[in-house]
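K.L.:
After the C-alpha cells below, expect a handful of questions from me.
Just so you know, all these numbers are worked out from the coordinates, no wet-lab data involved. None of the values given here were measured: they were computed from a predicted structure. For neighbour counting, all protein chains shown are included, and Cβ atoms are generated from backbone atoms with ideal geometry for every residue, glycine included.
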Amino acid sequence: MSEKLVISSGIALYALFIALLMPAVRDFKNFVVAFMGMGMHFILKEIGVAAGVSIVLAMVGAALIGLILEVKDKNKGTVT
C-alpha cells in the first residue's frame, strides 16, 4: 500500500472511533469515563508501557471507574 493510503486509513479509523463515541458521551458520567480512559492511556504510554498493553489497561481502568460511578449513582437513590 502507498504511504498516503496508509495515512488516510489511519485518519478514517480515528474519525470512525469518534463517530461511535460521540452518542455515548452525551451523558456527563460517560464523558468522564471516556476522558479518564484517554488520560490513563496517555500516561501509561508516556511512562514506557507498550501501546497494546497500555490501551488494554486503560480500557480496564476506565471500565472500573465507570462501574464505581454507576454503583455510587445507584446507591445514592436508595435509603437505608
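K.L.:
So for the pair Glu46, Asn30, with labels modelled 7 Å out along Cα→Cβ, what separation do we get in nm?
P.N.:
Result: 2.8 nm between the two label points.
K.L.:
Given the options Tyr14, His41, Phe31, identify the residue whose Cα lies farthest towards the positive end of the charge dipole of the chain (+1 on Cβ of Lys, Arg; -1 on Cβ of Asp, Glu).
P.N.:
Phe31
K.L.:
Over all alpha-carbon pairs in the chain, figure out the percentage whose distance exceeds 14 Å.
P.N.:
Roughly 72 percent, rounded to a whole number.
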